[in-house]
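Undergrad: Handing you a structure now.
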Amino acid sequence: MTRPNVSPGTVTVFTDVMCGWSTLALHRFYEARDAAGLTGRLHVDLQLFLLEDLNRTPLKTSMIEPEKPAINALEPELGFTEWQRDPSEWPVTSLPANEAVHAAKAQSLAAAEELDMALRLAFWRDNRCISMRHEILDVATACKEVDVDRLRDAFDTGRARGAMMQSYFVHRDDVQGSPHFFLADGTDVANPGMELHQEDRDGAEVPVVDDDDPGVYDGLVRHAAAAAGVG
């Protein structure tokens, strides 16, 4: 296994912006981090796990829409909504949004965290086509940690793409899914506290949650902080 390098003060998370389960997981991790008083001290280093490449298929409504009610039942405050715009406006690729997050990471991990979650909610909650450059940059304008001019320059010149893709190609066979957390002490956990399976219902694959334990994030944050040397 080619383990990722986890920098001091961080936990590394492999994820895709258009993954609902990683959106739920990061939301819970950030809440647990806030509750522990570790925001600003323990950071998430977001790394790409590109689902469209792994599955060799566009990010289709039939794959993603069924996740929304399942996740809303677990965390209603996320407010995921059914796609309400024209089907032609559906973002079949998450690559530009993920690249923007990695471009923001050159500014700071906090900037990347903020833009990443803003883009997730722009898609999952607000029905925005986050494969479009102008939508990504517009979402970034509301992120206080993000310098939009620097982001635009980094995004348009493609400076983040090479390192982002290299990390993905090096680690994709070892990552178990989105999300997968890697801690500084060598431990790792995929989709913490969650067990689910897919069922065929009227010809559609629907996720069914078998077990969900959001309390695992309190322990995960404490473990990550200790492993990262954050007291």
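The values are calculated or read from the model by the stated rules, or taken from the named source; none is laboratory data. Predicted model, so just to flag it, every value in this text is computed and none were measured. Cβ: placed from backbone, ideal geometry, glycine included. Neighbour counts: every protein chain shown. Heads up: the accessible areas ignore ligands, DNA and RNA and are worked out on the full protein's heavy atoms, side chains in. Shrake-Rupley method; radii C 1.70, N 1.55, O 1.52, S 1.80 Å.
Undergrad: Determine the per residue accessible area of segment 1-107 with all protein chains present and a 1.4 angstrom probe, expressed in square angstrom.
TA: Normalised by residue count, the accessible surface of segment 1-107 is 40 Å².
Undergrad: Subtracting the Cα-Cα distance from 0.36 nm times the residue separation, let me have the gained length for A190 to A106 in nm, one decimal.
TA: Gain on extension, A190 to A106, equals 27.7 nm.
Undergrad: Quick check: residue separation of D138 and T93 times 0.36 nm, minus the Cα distance between them. What number comes out in nm? Spell out each step's value before the answer.
TA: Details: separation 45, 0.36 × 45 = 16.20 nm, distance 1.79 nm.
So the chain would gain 14.4 nm between D138 and T93.
Undergrad: Counting other Cβ atoms within 10 Å, keep those with at most 10, restrict to DSSP loop, and tell me which GluC sites (Glu not before Pro) in segment 108-160 are left.
TA: Taking segment 108-160 and a limit of 10 other Cβ atoms within 10 Å, no loop GluC sites (Glu not before Pro) are found.
Undergrad: Oh, and also: Report the paramagnetic label zone for A163: residues of segment 86-121 whose backbone N is under 16 Å from a point 7 Å from Cα along the Cα-to-Cβ axis.
TA: Under cut-off, by backbone N: 98-113.
Undergrad: Using a 1.4 Å probe over the heavy atoms of the protein chains, calculate the carbon and sulfur portion of the accessible area of segment 1-83 as a whole percent.
TA: Carbon with sulfur: 50 percent of the solvent-accessible area.
Undergrad: Then there's this: Enumerate by residue number the GluC sites (Glu not before Pro) in segment 2-83 meeting two conditions: DSSP loop (anything except H, G, I, E, B), and at most 15 other Cβ atoms within 10 Å of the site's Cβ.
TA: E82
Undergrad: Sticking with this one: Straight-line reach from K105: which lysines have a Cα under 22 Å away, not including same-chain ones fewer than 8 places off?
TA: K144
Undergrad: Expected output is a single nm value to one decimal: the length gained when fully extending between Q198 and D86, i.e. 0.36 nm times separation in residues minus the C-alpha distance. What is it?
TA: Result: 37.6 nm gained on full extension.
Undergrad: Quick check: pseudo-label points 7 Å beyond the Cα along Cα→Cβ at L74 and D147, how many nm apart are they?
TA: 3.7 nm
Undergrad: List the longest stretch of the chain that has no exposed loop site; here a site is one of the trypsin sites (Lys or Arg not before Pro) assigned by DSSP to anything other than H, G, I, E or B, with at most 12 other Cβ within 10 Å.
TA: The answer is 145-231.
Undergrad: At a 1.4 Å probe, what is the % contribution of carbon and sulfur to the accessible area of segment 156-231?
TA: Working: 1820 of 4010 Å².
Answer for segment 156-231 is 45 percent, counting heavy atoms of protein chains only.
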